[in-house]
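Notes follow the structure.
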Amino acid sequence: MSQLVDVSLNRWDAPCTTAQQAAARQALEDGHVVWLPGLGFDLREEEHALLDGAAGKAKNISWEPLRGVRGQGPAHDAALLAALMPRYARQSRTLLGGLLPAYLPHLQQGKSSFRPVEITGRASSWRKDDTRLHVDSFPASPTQGRRILRIFTNIHPRGAPRVWKLGAPFAQVAQRFLPSAARPWPGAAALLQCLHITKSRRTPYDHYMLQLHDAMKADLAYQAQVEQHMHAFAPGQSWIVFTDVVSHAALRGQHALEQTWLLPVKAMTEPDKSPLAMLERQLKRPLA
């Protein structure tokens, strides 16, 4: 089962020891969560308005360098978000440069996200229900085998924790669900890209990861019976995780920031621990 590995940093630009760097890299590649209990993200005075009043219906407000802010409603000031989210992206990159310097030259920036809505009681389809254990896969944005490295920070202003549940190792997930996964249809990936359903070509790897994601969430018996444990991340804490390999669910919490980075498998210290390598071993064929 995934575990939390505590790394004591209290600044995004804090110098990291060789031991801290090795421990963080090993923990992430082994499928654990790097927990930074002393690392919060400071909001500017005017940005606290984003945490007040009605949250609206937006589960996720996102920002990308070429697309700007997307998903905000009238309850959120677009100009404040356009300043806040790029700053969080920059600070997360600074953190990774100090803590995981071997990854830094290979990182590809993904979305920055602000999660303003309380998870508990939020209406959702079963596929989008993040309170169910799952591994991440992006239906519209294929990773083509690249790792999904994500940084999270709880910025709740009134002390509410963000509660996560961690489940079984990826190898166990694949052993249970991969044998029943349907093979991709010939030509389906090209058609999805042509119709702009996906932003790039969906590889067999992306297809099987989506199958695992959906099969996990759909299996309520698995959700109830699999070994799991919970952890509450307090406001002013951050954590880093490869969400494509760690079974996780978000049960409770409001007001969090997230930054997604993509990492080529070849940039890992131990590429054989990637989900791509594990699926290829089980299926005995290349997937990306």
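The values are calculated or read from the model by the stated rules, or taken from the named source; none is laboratory data. Predicted, not measured: the structure shown is a model, and the values here were computed from it. Note: ideal-geometry Cβ built from the backbone for every residue, glycine included; neighbour counts use all protein chains shown. Areas reflect the complete protein model, heavy atoms only, side chains present, ligands, DNA and RNA absent. Shrake-Rupley method; radii C 1.70, N 1.55, O 1.52, S 1.80 Å.
Annotations
- The set of residues in the stretch 1-36 being polar (S, T, N, Q), open to solvent by 50 Å² or more (accessible area, probe 1.4 Å) and outside any loop (DSSP other than H, G, I, E, B) consists of Thr18, Gln26.
- Residue list for the stretch 147-160, filter: in a loop (DSSP other than H, G, I, E, B) and surrounded by 22 or more Cβ atoms within 10 Å (Cβ to Cβ): Ile155
- Yes/no for Ala82 being in contact with a Gly (Cβ under 7 Å, 6 or more places away or on another chain) and assigned to a helix (DSSP H, G or I): yes
- Matching residues in the stretch 215-230 - criterion: being of a type outside the set (Phe, Trp, Tyr) and buried (at least 17 other Cβ atoms within 10 Å of the Cβ): Ala215, Met216, Lys217, Gln223, Val226, Gln228
- Selection within the stretch 175-232 - free of Cβ contacts under 8 Å to residues at least 12 places away in the same chain and either among the small types (Gly, Ala, Ser) or on the phi > 0 side of the Ramachandran plot (or both): Gly187, Ala190, His196, Ala221, Ala224
- Of residues in the stretch 232-250 being crowded, with 17+ Cβ neighbours inside 10 Å and over 13 Å from the mean Cα position of the chain (by Cα), the one nearest to Arg158 (Cα to Cα): Pro235
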